[in-house]
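**Student:** Sharing a structure with you now.
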Amino acid sequence: MNENSLLAILTAVLVLTFVIAVVAYCLLLKFNKKNNIQVNFKIKKDFLYTAYGAAMKFTPLKKYMTKVRRRIEILDLSDEWTIARKTMKFTLMSLGVSALVLTILLTFSETLYFALISVLTVYMLHNQIIKMLVDKLDNKLLKQFEVFLANVRHHYHEHGMIDEAIYDSIDESGYEMSLHANRMYETLTDSNIDDSLDRFNECAPNKFMRTFVAMSYLVLRFGDKTIEGNSNYLTNLNYLKQEINMELLRREKLGYMFQSLSLISVLPIFTLTPLKNWAVNNIPELHEYYDGAYGFVVVVLLFAIVILAYQLIIKLQSNTEYSPISNKIYKALLKMPPARYITEVVLQRKYSKSLKYERLLRKTSAQMSINEFILKQIVYALLAFVLCNAVFVNVHLISRRNILYSSLNLKMADNDINIDKTAELKIIESDRKYIKEYKNKKVTFQILEDRLFLDGEYGNSNHVAIAAKRILEKIETYNAHNYKWWELLLCVVVACVSYNIPYWMLLFRERVLKMSMEDEAKQFHTIILMLMHIERIHVEDILNWLEQFSDIFKPSIQKCINNFEYGDRQAMEQLIIDEPYPPFVRIIENLISAADKITIEEAFDELRLEREYYQEKRKQDNEIMVNKKGMWGKFIAFIPMGATIILYIISPFIMISSKKLMDFSEEIKTII
């Protein structure tokens, strides 16, 4: 089966998939209701729910939809029917759009290689669609939560009872928020409130809801306190609302700064074919580079750059830098004795480096063991070595195939009327016979000339001499295209570089986290402001709160809490050594003072007095951080475009110009 047949089959399958997706989406629009759907006796007639049940019977779809469902369940506490419908809706939208784009790309793909590029690019697009749908649901929930806080504040003013204020606000909230509010009410009114609070914190969709429930619990337990004529609980609600507003603004601005950057980073890989067609139409000799080994290597390199740029932009744009690094594959591989043995050997031989990696993994909250990380480095190195060898082997195969079945004149025939395509094909076929006969053998011009005279394919001695010279050059070029020692050496170098890619990605992750350090330190100020006026609050309690709502400083704070029983001052001094970031150090120094000499309220009194200043400074720091991320995002997004211009346009033009200049110089020397 040739490439054209395979592409035709792939396109037909994708067209059929797209038609099915369109029909499904039309039915979705017909049967879809608003979000405030109530489960009734017509449930069996609902298209989305019925489609969900049918799709879950297919194993590949079941695994995919289960992953989508888990992400929805974190944010939405609806009943089984509503969750199933949303899962099916997300699945239809993500797979439908992906199928449409893939169909269009495959239609315009001329080779199987570009078809594979299209598949991989659509995979990235699909992940972006899922992320967009989940982020939209997350932002919607956060906005509803802000309204919910306003309602709680209003009802708390009326009767001063937190649990009743939450209960009265349930019916006034949006559908998604009302479900979470109901869980909050059940948590705070549970007879075993401590265990219930732990369960809530484990499944809460965001830290703002955890904060609200925790501060409500503290007031239920210790009572509210009046500070300067104002309720401390209501003041804390204001602080929490400000935090939510700042988070929404940050997300909105990041979305604006990064809009279309993902598309810009991926787009250059699809301009290669139009650029090639434009270039060869103007300079037909460029076929030699675009259709040869150079073109293949450049396309592979550009595709690698595009994937890397896309991944970096996604990490900069979203909050996934706080999430654990996926390590399921490496956990499974470590169960195999050979992989486990090799990992242990590397770990023992590079013990000092392993300690450095372990500290970095802990600092970036990667939640990956050092054995898994080392195995990841080994896997990257092996894959790079294999792929690099595959590229070199393919380069030689492409060059040999071009020698046997093509020529520059044949490719230029469509643009040059002076070239007879039929005659050129006969020459190629004739040359191929001799190349196959004499390849990998010692052959001279005289041997070829005698053989051509004997076969009588050429009319006179001049034609025979020209043909013999041409065939000899082709045989020498054909024989030269074999695997060389320096190619193996280069593959080893690439493998060594790839071995360090996971480490460099960790460093990038750390750099992205550092951009948010100032914001998290200022967020600690808000938490302390909520806690400092509560009587009987201790330094360890505040550290537990900071650990619960931290992302960047979480590993170091956890270490401090674990060491607290062996000496509070020593544990916090070690925390300062582990995290020498000045704003965070100031907070810990105040906690040390509160543990030794003064009260927590006195230690952090400046936070209350300079609240407005810190608030304005945090807004400014947030803006600087977002602008910095946007600047890095734009720089990374345009790297593939710059690489395409340099490697795919400028370099071939320079090489063909240099070659023509050298040929012209040789002609002048001959004349002279």
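The values are calculated or read from the model by the stated rules, or taken from the named source; none is laboratory data. All values derive from a computational prediction rather than experimental measurement. Note that we place each Cβ from the backbone using ideal geometry, even for glycine, and neighbour counts take in every protein chain shown. The area values use the complete protein model at the heavy-atom level, side chains included, leaving out ligands, DNA and RNA. Shrake-Rupley method; radii C 1.70, N 1.55, O 1.52, S 1.80 Å.
**Student:** Set the Förster radius R0 to 22 Å, insert the Cβ-Cβ distance between V386 and N482 as r into 1/(1 + (r/R0)^6), and round the FRET efficiency to 0.05.
**Tutor:** After rounding to 0.05, the efficiency reads 0.70.
**Student:** Roughly how many Å² of M93 are accessible to a 1.4 Å probe, to the nearest 10?
**Tutor:** 60
**Student:** What does the helix-only formula give at 222 nm for the chain: each DSSP H stretch with n ≥ 4 adding -39500 (n - 2.57), the total divided by the residues, and the result rounded to the nearest 500 deg cm²/dmol? Show your work: numbers first, answer last.
**Tutor:** On the way: 34 runs with 530 residues, N = 672.
Value at 222 nm, helices only: -26000 deg cm²/dmol.
**Student:** Report, ordered by chain and residue number, the aspartates and glutamates lying within cross-link reach of K57, taken as a straight Cα distance under 18 Å and ignoring same-chain residues fewer than 8 apart.
**Tutor:** D46, E80
**Student:** Report the label-to-label distance for I501 and S191 in nanometres (one decimal), using points 7 Å from each Cα along the Cα→Cβ vector.
**Tutor:** Taking the simple label geometry, I501 and S191 are separated by 5.8 nm.
**Student:** Cα centroid distance between the range 124-195 and the range 210-233, in Å?
**Tutor:** Spelled out, the Cα-based centre of one part sits 18 Å from the other.
**Student:** With θ set to phi - 60°, apply the Karplus curve 6.51 cos²θ - 1.76 cosθ + 1.60 along the range 166-181 and write out the HN-Hα couplings as whole Hz, x wherever there is a Gly or Pro.
**Tutor:** Once θ is set to phi - 60°, the couplings for the range 166-181 become 5, 4, 5, 8, 4, 5, 8, 8, x, 4, 4, 5, 4, 5, 5, 5 Hz.
**Student:** Oh, and also: Is the range 505-624 best put as rounded, prolate or oblate by its Cα gyration tensor, with a ≥ b ≥ c the root eigenvalues, rounded for a/c under 1.5, and otherwise prolate when a/b is larger than b/c, oblate when not?
**Tutor:** The shape class here is oblate.
**Student:** Further question: Per residue, what accessible area does the chain have, given a 1.4 Å probe and all protein chains present, in Å²? All intermediate terms of the calculation are to be shown ahead of the outcome.
**Tutor:** Working: 36230 Å² over 672 residues.
Result: 54 Å² per residue.
**Student:** Give, in nm to one decimal, the length gained when the segment between S260 and N418 is fully stretched (0.36 nm per residue of separation minus the Cα-Cα distance).
**Tutor:** Once the chain is fully extended between S260 and N418, it gains 52.2 nm.
**Student:** Only Lys, Arg, Asp and Glu count, each charged at its Cβ (+1, +1, -1, -1), so figure out the dipole size of the chain about its Cα centre, rounded to 20 debye.
**Tutor:** 2320
**Student:** If you take Rg and Dmax of the Cα atoms in Å from the coordinates, which of [x] 33.4, 108; [y] 33.3, 114; [z] 25.5, 79 do you get?
**Tutor:** Among [x] 33.4, 108; [y] 33.3, 114; [z] 25.5, 79, the one derived from this structure is [y].
**Student:** Calculate how steeply helix 59-75 sits against the longest principal axis of the alpha-carbon atoms of the chain, using the helix alpha-carbon long axis, and give the answer as 0 to 90 degrees to the nearest 10.
**Tutor:** 40
**Student:** I need the peptides 624-630, 176-182, 337-343, 537-543 ranked by packing, meaning the mean over residues of other C-beta atoms within 10 angstrom, with the highest value on top.
**Tutor:** Working: 624-630: 16.1, 176-182: 21.1, 337-343: 13.4, 537-543: 17.9.
Final packing ranking: 176-182, 537-543, 624-630, 337-343.
**Student:** Now for a different question. How much of I645 can a 1.4 Å solvent probe reach, expressed as accessible area in Å² and rounded to 10?
**Tutor:** About 80 Å², rounded to the nearest 10.
**Student:** Take the solvent-accessible surface of the protein heavy atoms, probe 1.4 Å, and return the percent of it on the chain that carbon and sulfur atoms account for.
**Tutor:** Answer for the chain: carbon and sulfur cover 60 percent of the accessible area.
**Student:** Largest first, what is the accessible-area ranking of M257, M631 with a 1.4 Å probe?
**Tutor:** Result, largest first: M631, M257.
**Student:** While we're looking at this one, here's another question. State the extension gain, in nm to one decimal, for the chain segment bounded by F445 and K628, taking 0.36 nm per residue of separation less the distance between their alpha-carbons.
**Tutor:** Gain in length upon complete extension: 59.3 nm.
**Student:** With a sphere of radius 13 Å drawn around the Cβ of I501, what net charge do the other residues whose Cβ falls strictly inside it have (Lys, Arg +1; Asp, Glu -1)?
**Tutor:** +2
**Student:** What's the center-to-center distance, using Cα atoms, between the range 576-634 and the range 363-403 in Å?
**Tutor:** About 43 Å separates the Cα centre of the range 576-634 from the one of the range 363-403.
**Student:** So how far apart, in nm, are the two label points at E202 and H538 if each is 7 Å from Cα heading toward Cβ?
**Tutor:** 2.5
**Student:** Could you tell me which of I264, I528, M655 has its Cα farthest along the dipole of the chain towards the positive end, charges placed at Cβ (Lys, Arg +1; Asp, Glu -1), taken about the Cα centre?
**Tutor:** Selected residue: M655.
**Student:** Ok, one more. Testing the spin-label approximation: label points 7 Å from Cα along Cα→Cβ at K62 and K436. State their distance in nm.
**Tutor:** It works out to 5.1 nm between the two label points.
**Student:** Using a 1.4 Å probe on the protein heavy atoms only, what accessible surface does R401 show? Give it in Å² to the nearest 10.
**Tutor:** 150
**Student:** Also, I was wondering about something else. Magnitude of the Cβ-charge dipole of the range 250-375, K/R +1 and D/E -1, about the Cα centre, nearest 20 debye?
**Tutor:** Dipole about the Cα centre, nearest 20: 1020 debye.
**Student:** Sticking with this structure for a sec: What residues of the range 388-432 lie in the reach of a label at K660, counting those whose backbone N is under 16 Å from a point 7 Å from the Cα along Cα→Cβ?
**Tutor:** The answer is 409, 412, 415-416.
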